[in-house]
Amino acid sequence: MNLFTDIRARVLEAIEALQSEGVLPEGLNTAPVTVEPPRDPLHGDMATNAAMVLAKPAQKKPRDIAEALAAHLGTDDRIASAEVAGPGFLNLRLAPTVWQGLPETVLTQGADFGRSTLGQGEKVNVEYVSANPTGPLHVGHTRGAVFGDALASLLDYAGYDVTREYYINDGGAQVDVLARSVYLRYLEAQGHTVEFADGTYPGDYLIPVGEALKNLVGDKYVDQPESVWLEYVREFSTDAMMEIIREDLRLLNVEMDSFFSEKSLYGTGLIESAIESLRDKGLIYRGVLEPPKGKKPEDWEPREQTLFKSTEHGDDVDRPIMKSDGAWTYFAPDIAYHYDKVQRGYDQLIDVFGADHGGYVKRMKAAVSALSDGKTPLDIKLIQLVKLFKNGEPFKMSKRAGTFVTLRDVVEEVGPDVTRFVMLTRKNDAPLDFDFDKAVEQSRDNPVFYVQYAHARVCSVMRKAQAAGIDVSDAALAQADPALRAHEAEQGLAKKIAEWPRLVEIAARGHEPHKVAIWLNELASELHALWNKGHDVPELRFLQEDDVAASQSKIALARAAAVVISAGLGILGVTPAEEMR
RNA sequence: GCCCCCGUAGCUCAGCUGGAUAGAGCGACUGCCUCCUAAGCAGUAGGCCACAGGUUCGAAUCCUGUCGGGGGCGCCA
């Protein structure tokens, strides 16, 4: 149930009525008509721009249209008043009974209040994390993991059929590097002294992998050339790394529906058929690219390569898909992978990349556009860096030295709930400061705590009420008398709650889960405010001494807020706290 | 040189598929605990929404340009 779309539908009815009365001409485009909360609550509960956007096509004064609409809308018993304001806004005030009745709706629908049909069951593939299987996940991956997971949940809640997918980059040279590094650890486990040259991974996390390899194959690969052991060790190592990564994701409560291996594209004809598909469209040719300007390419020399005409689909230059030695570039398997996604019948694709991959956005979009004949939209969300702070000091990491702050480090320090929430309080494309101290601080400026606390307060009231023998089951609260929560301040909270379904749609449409986190903070603020008003105005306290009916009615409102907080936190993957400790 | 992102209160940031007098937290100042958790609430102060044009009934929001910050730019993944 979305009050805003309900009322918008009512406005459109009024427009139609005016058309049949001949006041407005037929054939007006009503798509730009919106019904939204006004910036200033003094203007009312909802405002529509209908009169202003229709004024020009209808060749009438906005205020005249607004007056006519107001006359029609005034007859709806949900609408208490409709007044024309400013340049032609129509401000609507809803009947108090609408707000008083809201908790009943919420408590009847539970977590489904806010669930939307926006997605119409469309199939969406959200690809995220997709870290190279060369080591544990670090903080940067963590943000991508949390973002992708929350986005997937949000889209699911908004009515999409979502697949969470991880693309395993196990086909390139970096897994050979991994294999060599593990081989060194293997030799080490055999008692050899080894040295980690540049271009190997010196991290300690490979020590147990080397040992495990020793336990499995004994000394079979000692003193053997790479050609003997590379393939086996590579497979063994990537499997071990993926196990570590899956375990890291479990720590964050991220669960993938599907893992797609890059390696599975090689030698199976999948890359070839993807490229063939492009060739059929006349988008593959042999050619020589211009050198990039302004970047002084030291060893640049013209080479003829096999190119994808990505410029036909919005890219700046055409991109090589095959090296001059005839091997595929990394872009080729990426094309094949996305071709596979298109073939699997998704209506929409979303890729979550690190911000350092910003240069690949256009070519990937071009590829998907070409492969799907423009039918499958691809949205690429870039995740900016996470800057870590501890004791006010920036926390540095160095992958080269093998010491970096891992996902596990963060989660073990502050827990999955805090990790997830903090990472979702900023837009994906804005850098994020993550302060370990602030993240666990219990104060107003820690949004995790603040929202959790609001939920816990409601739970606290309910415990008190229950102890007093009051039935606070959702079923009982839904039956409570709405008229006993008629105070203006109580309606204020109800109005905030009523925004939830609309917020879900806005956040889902924009692929912006951070909006959920920010809105939850606002909702929590409304609840804390009402709570504190109870200090001065006893009738606003949720628990009314010796008045079961009033208590139930007011607690129903609080409980409705808690239900929505819980649903919102659920999308973010954060557990709502029952009490604070 | 080209492409992408960003520039909003002293600080950290919301708001951006155009809407009325631009918001929140922190910091500063002032109030509120005989009362469901003061781990909270209320209020005051603080702005040329980087700059200049354009589109529009209306621009922080869309377009163009300038300046400033970050990221990226053919065989590397």
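Could you count how many residues in the range A:38-60 are under 19 Å from A:A95 (Cα atoms) and near RNA strand B (Cβ under 9 Å from one of its atoms)?
Matching residues across the range A:38-60 total 8.
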* Checking A:T117 against (1) closer than 26 Å to A:E36 by Cβ; (2) outside any helix (DSSP H, G or I); (3) in contact with a Leu (Cβ under 9 Å, 6 or more places away or on another chain), which test does it fail? -> (3)
* Asked: Looking at the range A:290-299, is at least one residue in a helix (DSSP H, G or I) and more than 30 Å from A:L151 (Cα to Cα)?
  -> no
* Asked: Under the condition of being part of a helix (DSSP H, G or I), charged (D, E, K, R) and away from RNA strand B (no atom under 14 Å from the Cβ), which residue from the range A:339-364 is farthest from A:Y128 (Cα to Cα)?
  -> A:D340
* To do: Starting from residues that are acidic (D, E) and free of Cβ contacts under 8 Å to residues at least 40 places away in the same chain, keep the ones in the range A:320-372 and report whichever is surrounded by the fewest Cβ atoms within 10 Å (Cβ to Cβ).
  => A:D325
* Structure fact -> For the range A:11-59, the count of residues that are closer than 25 Å to A:K495 by Cα, over 32 Å from the mean Cα position of the chain (by Cα) and exposed (fewer than 10 other Cβ atoms within 10 Å of the Cβ) equals 1
* A:Y346 versus (1) hydroxyl-bearing (S, T, Y); (2) closer than 28 Å to A:A507 by Cβ; (3) in contact with a Leu (Cβ under 6 Å, 6 or more places away or on another chain): which is the lone unmet condition? -> (3)
* Could you please let me know if A:G294 is of a type outside the set (A, V, I, L, M, F, W, C), near RNA strand B (Cβ under 8 Å from one of its atoms), more than 21 Å from A:P377 (Cα to Cα) and at pLDDT below 90? => yes
* Residue list for the range A:297-317, restricted to those being near RNA strand B (Cβ under 9 Å from one of its atoms) and either touching a residue at least 24 places away in the same chain (Cβ under 8 Å) or not charged (D, E, K, R) (or both) -> A:P297, A:W300, A:P302, A:Q305, A:L307, A:D315, A:D316, A:V317
* Output for the range A:197-213, where each listed residue is under 12 Å from A:L184 (Cβ atoms) and out of contact with any Ser or Thr (no Cβ under 7 Å at 6 or more places or on another chain) -> A:A197, A:G199, A:P202, A:G203, A:I207, A:G210, A:L213
* To do: Have a look at A:I571, A:I518 and point out the one that is near RNA strand B (Cβ under 8 Å from one of its atoms), β-branched (V, I, T) and either under 29 Å from the mean Cα position of the chain (by Cα) or surrounded by fewer than 18 Cβ atoms within 10 Å (Cβ to Cβ) (or both).
  => A:I518
* To do: Might you check whether a residue that is more than 14 Å from RNA strand B (Cβ to nearest atom) and surrounded by 19 or more Cβ atoms within 10 Å (Cβ to Cβ) occurs anywhere in the range A:84-93?
  => no
* Structure fact -> Across (1) surrounded by fewer than 16 Cβ atoms within 10 Å (Cβ to Cβ); (2) within 23 Å of A:G469 (Cβ to Cβ); (3) not hydroxyl-bearing (S, T, Y), A:R581 clears everything bar (2)
* Asked: Quick one: in the range A:164-212, which of the residues that are of a type in the set (D, E) and part of a helix (DSSP H, G or I) is surrounded by the fewest Cβ atoms within 10 Å (Cβ to Cβ)?
  -> A:D204
* **Filtered residue count, the range A:412-453, keeping only those that are modelled with pLDDT under 90 and touching a Ser or Thr at 6+ places or on another chain (Cβ under 6 Å)** => 1
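The values are calculated or read from the model by the stated rules, or taken from the named source; none is laboratory data. This one's a predicted model, so the numbers in the text were calculated from it and none came from an experiment. Neighbour counts run over all protein chains shown; Cβ positions are idealised from the backbone, glycine included.
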